[in-house]
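Okay, structure first, notes after.
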Amino acid sequence: MSEENEKVPIHLKLTLTIKEAAEYSNIGINRIDNLLRQPNCPFVLYVGTKKLVKRREFEHYISNKFMI
């Protein structure tokens, strides 16, 4: 099997990189990064200094917003 076939589809991942979250949501990388920097952001997960996006919480956040 090639490496491409072994990748987990984005919609099944628990966490996304900022780039993956941007591709998944069609929201810009800079805007997502700004959202992750907000106090009490419900979908940020820090792994050391790296910021990841909790996919389910991100989807829920977007579904309840009229404007970002």
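Throughout, read-outs are computed from the coordinates displayed, never taken from laboratory work. Source: prediction; values computed, not measured. Neighbour counts run over all protein chains shown; Cβ positions are idealised from the backbone, glycine included.
How high is the relative contact order of segment 3-63? Use alpha-carbon pairs under 8 Å, at least six apart in sequence, and give a whole percent.
Values: 56 pairs, mean separation 20.1, N = 61.
Normalised by residue count, the contact order of segment 3-63 is 33 percent.
Phi angles across segment 44-51 convert, under the Karplus curve 6.51 cos²θ - 1.76 cosθ + 1.60 with θ = phi - 60°, into 3J(HN,Hα) values of 8, 10, 8, 10, x, 9, 7, 9 Hz, Gly and Pro given as x. Checking every one of the trypsin sites (Lys or Arg not before Pro) in segment 38-67 against DSSP loop status and a limit of 10 other Cβ atoms within 10 Å picks out LYS65.
Among the chymotrypsin sites (Phe, Trp or Tyr not before Pro) found in segment 2-68, those both in a DSSP coil and sparsely packed, with 16 or fewer other Cβ atoms within 10 Å of their Cβ, are PHE66.
Roughly what % of Cα-Cα distances in the chain sit above 17 Å, to the whole percent? Please list the in-between numbers first.
Details: 916 of 2278 pairs.
Percentage above 17 Å: 40.
Here is how the number arises for the chain: DSSP H runs of 4 or more residues each give -39500 (n - 2.57), the sum is divided by the residue count, and the result at 222 nm is -11500 deg cm²/dmol.
When the Gaussian network model of the chain links Cα atoms closer than 10 Å, the mean-square fluctuations of LEU12, LEU52, LEU36 top out at LEU12.
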